[in-house]
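Read-outs throughout are calculated quantities, based only on the coordinates presented, and are distinct from any laboratory measurement. Keep in mind the model is a prediction, meaning the values are calculated, not measured. Please note: Cβ atoms are built from the backbone with ideal geometry, for glycine as well, and neighbour counts cover all protein chains shown.
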């Protein structure tokens with residue numbers, strides 16, 4: 001199963017989870033996603049402390065393009 005919003009692509013250049021959440025929020029906003037959905041993504045993403053679950057959750061929402069091999073999983 002692909003992401004909820006496959007038309008949104010986020011290029012990951014940082015290992016900082018807050019930067020990634022911010023980039024995904026911006027992509028969702030630009031795509032016209034309802035504010036309640038954006039807030040739901042933010043709550044879910046920031047509530048987990050597990051890096052693998054965080055990466056999985058982000059990939060469930062948008063297409064991720066990583067610019068370095070181990071971008072997710074380390075902060």
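So here's what we get for this one:
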{"read-out": "Listed candidates (1) 18, 53, 25, 4, 0; (2) 20, 60, 20, 0; (3) 18, 41, 24, 12, 5, 1 - label of the one calculated as P(r) over Cα pairs in 10 Å bins from 0, in percent", "value": "(2)"}
{"read-out": "Neighbour-count order for 33, 48, fewest beta carbons within 10 angstrom listed first", "value": "48, 33"}
{"read-out": "Helical contribution to [θ] at 222 nm, DSSP H n ≥ 4, -39,500 (n - 2.57), averaged over the chain, rounded to 500", "value": "-16000 deg cm²/dmol"}
